[in-house]
Each structure stands twice: as structure tokens, then as C-alpha cells.
1. For the subset of the stretch 362-386 comprising residues that are in a strand (DSSP E or B) and of a type in the set (Asp, Glu), which member is nearest to the chain's Cα centre (by Cα)?
2. Tally up the residues in the stretch 151-174 that are in contact (Cβ under 8 Å) with a residue 60 or more places away in the chain, of a type in the set (Val, Ile, Thr) and part of a loop (DSSP other than H, G, I, E, B), please.
3. Just checking, does the stretch 378-397 include any residue being β-branched (Val, Ile, Thr), in the same structural domain as residue 441 (by TED's automatic domain parsing), closer than 25 Å to residue 33 by Cβ and in contact with a Gly (Cβ under 8 Å, 6 or more places away or on another chain)?
4. When residues of the stretch 24-66 are filtered for being within 19 Å of residue 1 (Cα to Cα) and part of a helix (DSSP H, G or I), how many remain?
5. So, of the residues in the stretch 76-115 that are polar (S, T, N, Q) and assigned to a loop (DSSP other than H, G, I, E, B), which turns out to be nearest to the chain's Cα centre (by Cα)?
6. Tell me the residue from 295, 274, 241 that is under 28 Å from residue 398 (Cβ atoms), at pLDDT 95 or above and part of a strand (DSSP E or B), please.
7. Just need a number here: residues in the stretch 207-233 that are in contact with a His (Cβ under 9 Å, 6 or more places away or on another chain) and within 10 Å of residue 272 (Cβ to Cβ).
8. Condition check: among the hydrophobic types (A, V, I, L, M, F, W, C), touching a residue at least 24 places away in the same chain (Cβ under 8 Å), surrounded by 17 or more Cβ atoms within 10 Å (Cβ to Cβ) and in contact with a Cys (Cβ under 8 Å, 6 or more places away or on another chain). Does residue 148 satisfy that?
Amino acid sequence: MAISKLLIANRGEIAVRIARACKELGIRSVAIFSEADRYALHVKKADESHRIGSDPLAGYLNPHHIVNLAVETGCDALHPGYGFLSENAELAAICRQRGITFVGPSAESIAAMGDKTRARQTALAAGVPVTPGSDGNLSDVEDAVNQAAAIGYPVMLKATSGGGGRGIRRCDNEKELRQNYERVISEATKAFGSAEVFLEKCIIEPRHIEVQILADSQGSVVHLYERDCSIQRRNQKLIEVAPSPQLNDEQREYIGQLAVRVARECGYVNAGTVEFLLDHDGSFYFMEMNTRVQVEHTITEEITGIDIIKSQIRIAAGEPLGLSQKDISHRGFAAQFRINAEDPKNGFLPSFGRISRYYSAGGPGVRTDAAMYSGYEIPPYYDSMCAKLIVWARDWPELIERSHRALSDMAIYGVQTTIPYYQQILDHPDFRAARFNTGFVERNPQLLEYSSKTRPESVAAAIAAAIASQAGL
């Protein structure tokens, strides 16, 4: 079946990214926007756009309203992006009922892999190792205490329907477990609409490795190698690298096959990501499967040359992958830096406001996926990520130096960003030597002690902006 018109059920840089893929495929794109997003870049990039209400969030979270709009505007497909309703089984089910092609897996796959306990059971059925933990959801705090005693502390309390680093608490002893139990249930209920939680053994400072897979409706499943997402703060990823500089070829092949087995076991179709923890002894443990495109899909595209968004759309249209595992190779290294409007020196406090001047990075091996422009005002209602800087190089040392240069090229005035903090990380000897794990950020608080110098050009930019404003330019 051919797709001729697609509604993008999202906002920000991922909506811009999807609109660009549609343009290359000859598909008309339809954007949606809240009043807060009236002047957003994705609205300008799509072929047409429609307002979904004055509330900054409600419109993006109403599956019935969104699908109704898709039908009314003559769309035959819908892409959910990431975040919002991207892993909402109801949205996929409503699309199917209304004859709209959902660019993603089936509602059944989303429900199965979105439930973390069912996902663990799927991995076990596929012969994939999982971290020791509860067989299912916990019945009450006493059940949690008893299972933690059997597993051994520290343990992780996790929301069964969680994602994005939310609904997770580490507990080092019974007292902390009892204190955190109701907190995690409260977080899970508010964020995911479910009070169910489960327990896992806490792997101390592991490496966080994830594998990108593609699967078509004809039964073909391939992996596009792995990404290392170990540089993170409070379970939120900051810098991602592909492939992992910490794996050898044997480990790379092994974890890729594990991911394919998980996808096959649950009958998965479309793009997905299987996430693992790598322990210090070299053991891999299945963590979860994300049933959507990942924020960091860009670096996989850079090392493989495969456009993941276009692949998603083609698979949803019923097309075969057209390639086997032996056809896929990787070249060089790529890193993605999440450029967040935050002040790292002030506890990573969000720094929303107007972008007075914005200069994108460029040059060989540099790509920027952004949702901002000079004069754009970053609204306070959404995630603080305003751009993604993606850098490719032939080897790890060149990637470090090129990333440094690209971060220096990028200039954003009017808000604080994470750019100077990332430059500090690049200079750290452990990062340069590709020795890092999920404890890197917490272990190196001194990286926040950088100098917040004002660039000379920022003064000139501010003066120019003031003159332009007065002149009505």
C-alpha cells in the first residue's frame, strides 16, 4: 500500500525530522501544534499544519482527537515520533480501527513490550539473559522487602509501564525500599497511569548499551549495531555514541543477535531498540525494549548510512526491508550531544526563553537536528532539548577532536545550554580513553566547575538585536 499523506503526531526536532523524510519520499506531511507551538519550526516545515487547542499538552496527548484530525485532513498514515503517545497502544489501535497506517509496531507489541514484566518474560522465552528480579509485579511493600532480601541489595524499584528514566528508584537497604515504595507507585500513577511496580537487582555502574533493530512484515529482522548511552544523569541520557568504543567485535555480534531474538520472539514489526546493561564481568542483561524511534537514532544512521525514519515509513507501507544482516556494515564512530536549554552549573535548571541568536555547527561530519531559530522562544511546557548535535569521524580520537570543534562552532544566545558541560566531558581522560559507565557524571562533579565566559561576539549580537528591534527590522 502506498502512503501519500502523513500526520506527524509530535512536535520539536523529531517532527521536523519526520517532515524532511516525508519530503524525500514524496509524501505530504501534516503538522499539529498547540498555541504555545504556533511559531515552532515543525509548523513551518510541514506541508500543512493544524492547531490542536490552547492547552500546551492536552492536544498532543489525545489519541482520539489526533486520529480524527488525520482522517479529516485526508491522511492515510500517522507517525508518533518519540515521547507523548509514541508508545501508546491505544493510539496504534485507534489508527487501525480508522484505517490509518500507524508508523510503528502493532498495538499488541507496544502493550507487550511496554509492560516491563511482560518484556522480561519475552526476553527469557527468547533465551536472553535478564537481571535477577521479581517474576512479576509486586503485590505490596512486604512482597518487595521479601524479594529484595532474596535477591540482595542494592535493588531497583521500577514502574512496570515506565520509560524515559522516570519511575525508578535505587534502594540500598530495607529502610530505603520501604521509603521509596509509595513514592515510585505515586510517580508511576501520575506519569504512566499505572500503579504497578517490579523489582530488579541493581547492577552497580554498568555500561548502558542499546541495539537498533528493523523488522518488516515479511519476517525479516536485522540489527543496525549498538549505541553506548552510558553518559547520563539521573537516568537521562546526555551523550550517545555508536558503535560503542567499549565493545569488541565478538561482543558486538553477540548483543546484536540477542536483540534480534527478542524482536522475533514478540513478532515485532518496524523500528525498535533493545536495551541492555553490561556488567563489569562482561555479562549482558536485557533491560527493556523501546517500541518507537529513539532520540539517538541519528548516530546509527551516520555509521550505517541507513535512514531509519524512511525505513519506518516504508515498513509501515508493507514494503520489505530489502537487505539482510550481511548487507549491513558500520563505518567510523558517531556521537550525539543533546543540546538542552539548561544551566548545568545551577543543578541543570531549565533555561527557557527567547533565542536572541543561533549559529549552527557545520563542516565535515557534522549534522544538527534542531527545533529552534534566531528569535524563537523556547516554551516552558516541554522537554528542554532544543537541538541535537551529531558528529561523525573515522576513528575515536578524531571523533573527540571534531566534536570539540563542532561544539565550539555552535552558539546559542538568550538561554543557558549544556554545550560547555559537554566540552568538559570531552576533555576528561577517561572519556578520551573510552572508559566510562553510567556512574561517570555523578563520579565527576568537578566537570561543572567550568568558566562561564561571555564570548565577545555575544555582546555584539546583543547590540545588533537591540538595534534591529528598535528599527523594526
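The values are calculated or read from the model by the stated rules, or taken from the named source; none is laboratory data. The structure displayed is predicted, hence computed values, not measured ones. Note that each Cβ is placed from the backbone with ideal geometry, even for glycine, and that neighbours are counted across all protein chains shown.
1. Keep residues of the stretch 362-386 that are in a strand (DSSP E or B), which gives 366-370, 377-378, 385-386.
With of a type in the set (Asp, Glu) added as a condition, the list becomes 369, 377.
Numbers: 369: 13, 377: 23 Å.
My answer is 369.
2. So the count comes out to 0.
3. yes
4. The qualifying residues number 2.
5. Residues of the stretch 76-115 polar (S, T, N, Q): 86, 88, 97, 101, 106, 109.
Checking the rest, the ones that are also assigned to a loop (DSSP other than H, G, I, E, B) come to 86, 88, 106.
Values: 86: 11, 88: 16, 106: 20 Å.
Checking each candidate, the answer is 86.
6. Details: 295 fails: part of a strand (DSSP E or B); 274 fails: under 28 Å from residue 398 (Cβ atoms).
241 is the lone residue from the list that is under 28 Å from residue 398 (Cβ atoms), at pLDDT 95 or above and part of a strand (DSSP E or B).
7. 4
8. Working: among the hydrophobic types (A, V, I, L, M, F, W, C): yes; touching a residue at least 24 places away in the same chain (Cβ under 8 Å): yes; surrounded by 17 or more Cβ atoms within 10 Å (Cβ to Cβ): yes; in contact with a Cys (Cβ under 8 Å, 6 or more places away or on another chain): yes.
Here the answer is yes, as residue 148 does meet what is asked.
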